[in-house]
Amino acid sequence: MNKDISSSSVNNYLRTIRRFLYYSMEMGYIKEDFKVSLIKAEKKVKETYSNAELERLLEKPDVE
């Protein structure tokens, strides 16, 4: 079974696992210190409104 999982999702899973493992180290269940690193995630650029669209959105509506 091959699933395409985004790098952001993988990092979220790693954060959860890391927190559990670090807690286990603090409680003495794991004796060795280690580091769980996150993977590099691509940053998606979100679309924004153009200046004309913003002006149109901010115009006062004609109520009369």
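Read-outs throughout are calculated quantities, based only on the coordinates presented, and are distinct from any laboratory measurement. Quick caveat: nothing in here was measured; it's all calculated off a predicted structure. Note that each Cβ is placed from the backbone with ideal geometry, even for glycine, and that neighbours are counted across all protein chains shown.
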Per the chain, sqrt(5λ) over the Cα gyration tensor eigenvalues, sorted largest first, in Å, gives 47, 17, 11
Trypsin sites (Lys or Arg not before Pro) in segment 15-64 lying in a DSSP loop, each with at most 16 other Cβ atoms within 10 Å of its Cβ, come to Lys31, Lys35, Lys40, Lys43, Lys44, Lys46
For segment 12-26, Karplus-derived ³J(HN,Hα) couplings (6.51, -1.76, 1.60; θ = phi - 60°; whole Hz; x for glycine and proline) come out as 5, 4, 5, 4, 5, 5, 4, 4, 5, 5, 5, 4, 4, 5, 4
Answer in debye to the nearest 20: the dipole magnitude of the chain about its Cα centre, from +1 Lys/Arg and -1 Asp/Glu charges placed on Cβ, is 600
Mean-square fluctuation maximum in Gaussian network of the chain, Cα pairs under 10 Å, restricted to Ser50, Ser37, Ser24, hits Ser50
